[in-house]
Amino acid sequence: MKKLFLVCGFLLICCLVFSQEGYEDGYIITNKGDTIKGKIKDKKYSAGAANSDKINFINAEGKENNKTPDEIKQYCKRGTQFFRSLPIGLEGKLKFAEILEFGDVILFGYVSASFVSTTSDLLSKSKDKDKDGKPDASNNVEYFFQKRKDPNSLMKVKPKKFQETAIFFFQNDSELVKKIEDKTLGYDDIRLVVKTHNELAEKK
């Protein structure tokens, strides 16, 4: 009987461990502004990109449920990866997009759900791709600029219109604008462009 209890206990522990596989510590922010801590899983496969349509969330009481961009404003994993609900596409349907750079101008990266099950973790890998802080922009990632103090300023950054869009957002940064105009910095340097502007804006 004692052995039976031990076996059952072991099996129960295994079930709990496997049921939480892929979950990471984090929190969500509801539409009401409440912060709820728990565990988050936003990938079907560990090497896949985050799902832009929903996440699995386990709260402190152990209750598990799905959360969609319509239900929460933002979520964070490990205290380092931040995702926000954004209106994407012509219909403005809410999707989860990752905050890649944050400051005076926010840079978001969005991976369409159609790529989630077939691509590697595009956003996270792009962060470490180049040691000098200049990761290449991915063809499978859509980028968006937004002025931190103006939620209505969200704008998609299209490769062919990068110069036009960037100059509009960074028009008060003459040195950066010059580098964009003479193509010293381009679409492939999108994170470096935003990071450079934000660092200068922070000093002002």
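This table checks each residue for (1) in contact with a Lys or Arg (Cβ under 7 Å, 6 or more places away or on another chain); (2) in a loop (DSSP other than H, G, I, E, B).
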{"residue": "PHE57", "(1), (2)": "yes, no"}
{"residue": "GLU91", "(1), (2)": "no, yes"}
{"residue": "GLU98", "(1), (2)": "no, no"}
{"residue": "ILE106", "(1), (2)": "yes, no"}
{"residue": "GLY109", "(1), (2)": "no, no"}
Exercise. For the stretch 147-182, what are the residues that are in a helix (DSSP H, G or I) and touching a residue at least 40 places away in the same chain (Cβ under 8 Å)?
Worked result: PHE169
Exercise. Would it be correct to say that LEU185 is surrounded by 14 or more Cβ atoms within 10 Å (Cβ to Cβ) and in contact (Cβ under 8 Å) with a residue 24 or more places away in the chain?
Worked result: no
Exercise. Looking at SER124, SER153, which one is modelled with pLDDT under 90 and within 19 Å of the chain's Cα centre (by Cα)?
Worked result: SER124
Exercise. So which pairs qualify, if the first residue must be in the stretch 41-70 and more than 20 Å from SER112 (Cβ to Cβ) and at pLDDT 95 or above, the second must be assigned to a loop (DSSP other than H, G, I, E, B) and polar (S, T, N, Q), the Cβ gap must be under 8 Å, and the two must be at least 6 apart or on different chains?
Worked result: ILE58/GLN20
For this session: Just name the residue that is surrounded by the fewest Cβ atoms within 10 Å (Cβ to Cβ) out of those in the stretch 159-179 that are touching a helix residue (DSSP H, G or I) at 6+ places or on another chain (Cβ under 7 Å) and under 23 Å from TYR110 (Cα atoms).
Result: PRO159
Exercise. If a residue has to be under 14 Å from PHE145 (Cα atoms), free of Cβ contacts under 8 Å to residues at least 24 places away in the same chain and among the aromatic types (Phe, Trp, Tyr) to count, how many in the stretch 78-103 make the cut?
Worked result: 0
Problem set entry | Among (1) exposed (fewer than 14 other Cβ atoms within 10 Å of the Cβ); (2) at pLDDT 95 or above; (3) β-branched (Val, Ile, Thr), the one test that ILE28 misses | (1)
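The values are calculated or read from the model by the stated rules, or taken from the named source; none is laboratory data. It should be emphasised that the depicted structure is a prediction, and the values quoted were computed from it without experimental measurement. All Cβ positions, even for glycine, are placed from backbone atoms using ideal geometry, and neighbour counts span all protein chains on display.
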